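Only the coordinates and a few stated rules stand behind these numbers; no lab work does. Nothing here was measured: the structure is a model prediction, and the numbers come from that model. Here Cβ is always computed from backbone atoms with ideal geometry, including for glycine, and neighbour counts include all displayed protein chains.
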Amino acid sequence: MNIGIIGLGSIGQMLVKAFCKSGAAAPEKLMVFNRTQEKAEQLQAEYKLAIGKTAQEVCDHSDVVFVCTKPLDILPLLRELTIPARTHVVSVAAGVSIADLEGVHTGAVSKVIPTVTSQELRGVSLYACSQRLTPEQREHFLTLLSSISVPQEISEQAIETATILTSSAPGLIAGILESFAQAAVRKTPELSIDLARHMLVETMLGTAMLLQKEQLGFDQLIERVATKGGITEEGLRVLDKTLPAGFDELFAMTESKHDRLKQLVQQQNSAQ
């Protein structure tokens, strides 16, 4: 299967690295295109993949094309191209629906929300597919996603909320941990920030492994750690005063941002 990737921002580069690292795609089966050729040349030097002279060349060459441009660039780009009906077009953009994609391509379309952690072959890839996919296309698509992540099919109605739990979560978790580390250093300046960060990263890794390997729920792990009247139990009470409202605000902001993006995409469609 020939794979094309158009756009080599952080997600496009991650997909190249993850597909090659996992062995899901032989480099000679990969063709990329980026408006700034330097990024493509850097990846070519490392992975020996092919560089398309144009986005059209990538589409002509590929069985599946991952379009990794900015959301408002997706539909204008696809309208400029003549995409073979056999080609499966996959958008990684929020705000662009399956219906939007079907409006500019007669063949199979899907959307996937990858995560940066897939560079380490971990994390969850959210996806939704059109009914135009053949069983063979669907199988190949899921094989690709499974090689770099845990694929999770999800409705377009739920994908925006789920994106916060998957694609956005690495950055949000890093922000939470940084605040945690900074608070520790404010309380005890003798503790270096680098040491605080190191301890939190190791603790986070161990916690994730414990939850996964023993198939624990979050509540079960809390019961293990939070003894009655102990520091952890009291600490959870402190966090419960502020965290729920903060996360509610986070999801409300996300909904607002997605709504605005979808309005801009629909304005693009109306202008055609």
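Here are some notes:
- Rounded to 5, percent antiparallel among DSSP beta bridges of region 1-136: 20
- Residue-span extension gain [residue 243 to residue 153] - 0.36 nm each, minus C-alpha spacing: 29.6 nm
- Cβ-placed point charges (K, R +1; D, E -1), dipole of region 1-142 about Cα centre in debye, nearest 20: 180
- Amide H within-cut-off set for residue 108, under 5 Å, with H built and near neighbours excluded: 89
- Residues of type aspartates and glutamates that residue 228 reaches as a straight line, Cα spacing below 17 Å, ignoring anything fewer than 8 places off in the same chain: 219, 240
- In the chain, helices alone account for a calculated mean residue ellipticity at 222 nm of -18500 deg cm²/dmol, with every DSSP H run of four or more residues adding -39,500 (n - 2.57).
- Relative contact order %, the chain, counting alpha carbon pairs below 8 Å whose residues are six or more apart: 14
- Antiparallel DSSP beta bridges within region 99-214, percent to nearest 5: 50
- Least to most buried among 194, 219 (fewest other Cβ within 10 Å first): 219, 194
- Scalar couplings 3J(HN,Hα) for region 252-258, obtained by applying the Karplus form with A = 6.51, B = -1.76, C = 1.60 to θ = phi - 60°, are 5, 4, 4, 4, 5, 5, 5 Hz; x denotes Gly and Pro.
- Extension gain, residue 176 back to residue 192 (0.36 nm per residue minus Cα-Cα distance, nm): 4.0 nm
- Sequence-separation-based contact order of region 115-201, relative, with Cα cut under 8 Å and 6+ spacing, percent: 29
- Residue order, fewest to most beta carbons within 10 Å, for 28, 38: 38, 28
- Residues whose placed amide H lies under 5 Å from that of residue 125, excluding near-sequence neighbours: 150, 152
- Cα gyration tensor shape for region 162-242, rounded if a/c is under 1.5, else prolate or oblate: oblate
- Span from the region 1-48 Cα centroid across to the region 245-270 one, whole angstrom: 30
- Couplings for region 81-89, taken from phi via the Karplus curve 6.51 cos²θ - 1.76 cosθ + 1.60 with θ = phi - 60°, read 9, 9, 9, x, 4, 6, 7, 8, 9 Hz in order; Gly and Pro are left as x.
- Each residue of region 222-230 was assigned a 3J(HN,Hα) from its phi angle through the Karplus expression (A = 6.51, B = -1.76, C = 1.60, θ = phi - 60°), giving 4, 4, 5, 8, 8, 6, 4, x, x Hz with x at Gly and Pro.
- Of the beta bridges in the chain, as assigned by DSSP with both residues counted there, near 15 percent are antiparallel.
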